Amino acid sequence: MHETKGRRGFPAVLKDMSEKVLAEGEATVFAESRSIDFSSDFVPMYRMGTNLQVARIFEGKEIHLFTGEVFISDKNLIRLVSITDRLLPGSEYVYFSETKIPAVLTLVQRRREPQPPKKRFSFRRKKKQEPVQEPESVYAITVSALSGRQLEFTSNQIFEIGDRFRATFQLPEEIRDLPLFISQAFAFGKGCMYRCSFEEMEPDRRLALDQFVRNMNQQENSFFPKEEAHGKETEEPASHS
């Protein structure tokens with residue numbers, strides 16, 4: 001339902017190691033074989049072993065970079081093997097990270113329904129209005145996916161698109177309370193999956209949320225995060241006692 005790192009046929013560009021764009025097309029990553037296929041109407045041909053890059057594109061921006069060696073090259077497809085990957089700034093707003101974060105939603109404002117026009121005159125006797133039972137205003141949820149823009153959760157409770165909440169998380173104080181609203185709903189079975197968008201917030205809170213999500217994104221959505229971390233460790237100079 002949301003953008004994932006494993007999506008097949010995502011928009012991409014093929015580049016050489018000097019960042020020159022060679023072709024625009026689609027790509028699919030095969031993590032098990034550490035390879036990526038890039039296809040287009042026309043793909044320049046390269047010798048086996050040549051180092052090239054494939055950048056994933058979302059809304060005109062590069063969000064995920066793959067580097068590898070040419071293994072197959074023809075006029076419509078090129079396959080890179082022994083690939084490594086690097087998440088680029090902004091990818092945390094596109095990819096969701098899978099989570100199990102407990103939270104409480106406190107209702108701030110229900111979506112306002114348009115009121116029917118009032119009748120000026122009627123001979124009919126008006127029926128006595130039954131008192132309207134207000135629903136609970138506090139709801140316990142578990143956040144199942146999180147990005148820098150949105151979060152997702154599943155509930156049997158019925159919410160309307162546009163309902164506004166304050167979400168309280170079991171997280172660091174800077175991001176414990178965040179404003180959001182229901183932006184999408186997907187019904188299935190007896191429940192419903194809701195996607196909520198964050199509203200504008202104070203700069204410090206926004207910065208803290210971005211950092212938190214960015215860290216989750218690096219752990220969750222890099223294809224080879226352990227190797228990347230290991231590489232950083234080996235690059236550090238040895239300490240001298």
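The values are calculated or read from the model by the stated rules, or taken from the named source; none is laboratory data. All values reported here derive from a predicted model rather than from experimental measurement. Virtual Cβ from ideal backbone geometry, glycine too; neighbours counted across all protein chains shown. Accessible surface is based on the protein model in full, side chains and every heavy atom, while ligands, DNA and RNA are left aside. Shrake-Rupley method; radii C 1.70, N 1.55, O 1.52, S 1.80 Å.
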Problem set entry | Inter-residue pairs, beta-carbon under 7 Å, first over 17 Å from ARG8 (Cα atoms) and among the charged types (D, E, K, R) and in the stretch 54-75, second open to solvent by 60 Å² or more (accessible area, probe 1.4 Å) and assigned to a strand (DSSP E or B), 6+ apart | GLU69/ASN51; GLU69/SER82
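Tell me, please, whether a residue that is within 30 Å of THR154 (Cβ to Cβ), surrounded by 13 or more Cβ atoms within 10 Å (Cβ to Cβ) and within 26 Å of the chain's Cα centre (by Cα) can be found in the stretch 35-56.
So in the stretch 35-56, the residues within 30 Å of THR154 (Cβ to Cβ) come out as 56.
In the following step, the residues that additionally are surrounded by 13 or more Cβ atoms within 10 Å (Cβ to Cβ) were identified as 56.
With the extra rule that they be within 26 Å of the chain's Cα centre (by Cα), the set shrinks to 56.
Yes; the residues of the stretch 35-56 include at least one that is within 30 Å of THR154 (Cβ to Cβ), surrounded by 13 or more Cβ atoms within 10 Å (Cβ to Cβ) and within 26 Å of the chain's Cα centre (by Cα).
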Exercise. Does any residue in the stretch 91-105 that is basic (Lys, Arg) come within less than 6 Å, Cβ to Cβ, of a residue that is part of a strand (DSSP E or B) and modelled with pLDDT of 95 or more six or more places away or on a different chain, and which pairs are these?
Worked result: LYS100/THR142
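With the structure loaded, tell me whether ILE141 is of a type outside the set (Ser, Thr, Tyr), under 20 Å from the mean Cα position of the chain (by Cα), modelled with pLDDT of 95 or more and part of a loop (DSSP other than H, G, I, E, B) or whether it fails that test. Don't jump to the end; show me each part of the working.
Details: of a type outside the set (Ser, Thr, Tyr): yes; under 20 Å from the mean Cα position of the chain (by Cα): yes; modelled with pLDDT of 95 or more: yes; part of a loop (DSSP other than H, G, I, E, B): no.
It is false that ILE141 is of a type outside the set (Ser, Thr, Tyr), under 20 Å from the mean Cα position of the chain (by Cα), modelled with pLDDT of 95 or more and part of a loop (DSSP other than H, G, I, E, B).
Determine if the stretch 207-219 includes at least one residue that is of a type in the set (Phe, Trp, Tyr) and open to solvent by 80 Å² or more (accessible area, probe 1.4 Å). Spell out the reasoning first.
Step one: list which residues in the stretch 207-219 are of a type in the set (Phe, Trp, Tyr), which gives 212.
Then keep just the ones that are open to solvent by 80 Å² or more (accessible area, probe 1.4 Å); that gives none.
For the stretch 207-219, residues of a type in the set (Phe, Trp, Tyr) and open to solvent by 80 Å² or more (accessible area, probe 1.4 Å): absent.
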Exercise. Across the stretch 186-201, what is the total count of residues that are under 19 Å from SER97 (Cα atoms) and either buried (at least 16 other Cβ atoms within 10 Å of the Cβ) or among the aliphatic types (A, V, I, L, M) (or both)?
Worked result: 5
For this session: State which residue pairs qualify: first residue modelled with pLDDT under 95 and inside the stretch 27-40, second residue of a type in the set (D, E, K, R) in any location, beta carbons under 7 Å apart, and separation of 6 or more residues or different chains.
Result: none
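Quick check on my filter: what residues within the stretch 164-176 are open to solvent by less than 50 Å² (accessible area, probe 1.4 Å) and assigned to a strand (DSSP E or B)? Walk me through how you get there before you give the answer.
So in the stretch 164-176, the residues open to solvent by less than 50 Å² (accessible area, probe 1.4 Å) come out as 165, 167-169, 171, 175.
Scanning the stretch 164-176 gives PHE165, ALA167, THR168, PHE169.
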For this session: Please state which one of GLU98, GLU32 is assigned to a strand (DSSP E or B) and either of a type in the set (Phe, Trp, Tyr) or loosely packed, with under 15 Cβ neighbours inside 10 Å (or both).
Result: GLU98
Seminar exercise, completed: Listed by first then second residue, the pairs whose first member lies in the stretch 158-169 and is within 15 Å of MET193 (Cα to Cα), whose partner is among the acidic types (Asp, Glu), with beta carbons under 9 Å and at least 6 positions apart or on separate chains, are GLU160/GLU113
Exercise. If you go through the stretch 68-75 one residue at a time, do you hit one that is farther than 27 Å from ARG195 by Cα, out of contact with any Leu (no Cβ under 9 Å at 6 or more places or on another chain) and assigned to a loop (DSSP other than H, G, I, E, B)?
Worked result: yes
